[in-house]
């Protein structure tokens with residue numbers, strides 16, 4: 001395998017183009033059986049595809065984490081504004 005072939009395979013990550021439900025199922029199975037699934041994917045898919053899978057899973061995890069943080073900040077800000085309005089009306 002040439003170096004150009006590896007770089008083309010790394011650029012064409014089929015896990016990022018997967019549908020939401022299919023990727024959700026794969027990621028759930030992967031994370032619930034983590035050490036075994038990593039070894040299994042390395043043996044069956046190879047090193048390049050396993051790297052692509054892990055890269056897509058980490059990207060999905062970070063994206064979900066940041067969305068949760070943003071939603072929590074908006075909710076906390078809304079609760080703060082609501083509670084401060086109630087405290088001003090009481091005094």
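Derivation of every value follows stated rules applied to the coordinates shown; laboratory data play no part. None of the values given here were measured: they were computed from a predicted structure. Note: ideal-geometry Cβ built from the backbone for every residue, glycine included; neighbour counts use all protein chains shown.
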statement: Residue span residue 60 to residue 43: 0.36 nm per residue of separation minus Cα-Cα distance leaves a gain in nm of 3.8 nm
task: Quickly rank 73-80, 51-58 as a protection proxy: mean count of other C-beta atoms within 10 Å, highest first.
output: 51-58, 73-80
query: What per residue convex hull volume, in Å³, do the alpha-carbon atoms of the range 9-57 yield?
result: 62
query: Taking 0.36 nm per residue of separation and subtracting the Cα-Cα distance, what length does fully extending residue 16 through residue 72 add?
result: 17.5 nm
